[in-house]
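Participant: Have a look at this one before I ask anything.
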Amino acid sequence: MKNVVKKLIKADKNYKIHFKLYIMFKEAILFLVYEVFNFGVGWVFGILSVQLVMTFFEEKGMMNLWGLWSNKVVVEESTLSTIEWLTSVIIGYLVMTLINNLITKVKSNFNI
């Protein structure tokens, strides 16, 4: 009888360990999914912001006669790349922050 009780206690301890590992693994996977989603959406909006810049600005060159034949604001190549980089960083960061707040609210509503 004592052996049966010892085996049940041992099985119960293993169950608790496996359950804790399962919960830790589940939390780690959810964290990775949320972060990949967050950074992915931020990256996509950062790339789209470059297209937004290109609708208003143009690089000086032979195609627009160095600014004489253009309907857009014409800037140097280095200035254009700086503007693209800044808008990409700012818009990407704002979207990542919004998505992070949204994920936090969803997690708190569903008790995840």
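Derivation of every value follows stated rules applied to the coordinates shown; laboratory data play no part. Keep in mind the model is a prediction, meaning the values are calculated, not measured. So basically every Cβ, Gly included, is an ideal-geometry build from the backbone, and we count neighbours across all protein chains shown.
Participant: What angle do you read, to the nearest 10 degrees and between 0 and 90, between the alpha-carbon axis of helix 2-56 and the longest principal axis of the chain?
Facilitator: Value to nearest ten degrees: 10.
Participant: Place a point 7 Å from the Cα of Val50 along the Cα-to-Cβ direction; which residues of region 75-112 have their backbone N under 18 Å from it?
Facilitator: Taking a point 7 Å out along Cα→Cβ of Val50, the residues of region 75-112 whose backbone N falls under 18 Å are 75-96.
Participant: To continue, here is another question. Hey, what angle do you get for helix 77-110 against the long axis of the chain, alpha-carbon based, 0 to 90 degrees rounded to 10?
Facilitator: Once rounded, the angle reads 30 degrees.
Participant: Can I ask one more? Less than 19 Å from a label point 7 Å out along the Cα-to-Cβ axis of Phe39: which backbone N atoms in region 71-87 qualify, by residue?
Facilitator: Correct set: none at all.
Participant: Using Cα springs under 10 Å in a Gaussian network model of the chain, which residue among Phe57, Phe39, Phe19 shows the largest mean-square fluctuation?
Facilitator: Highest fluctuation among the options: Phe19.
Participant: Same structure again: Using only DSSP helix segments of four residues or longer, with each worth -39500 (n - 2.57), what per-residue ellipticity at 222 nm results for the chain after dividing by its residue count and rounding to 500? All intermediate terms of the calculation are to be shown ahead of the outcome.
Facilitator: Values: 2 runs with 89 residues, N = 112.
Value at 222 nm, helices only, nearest 500: -29500 deg cm²/dmol.
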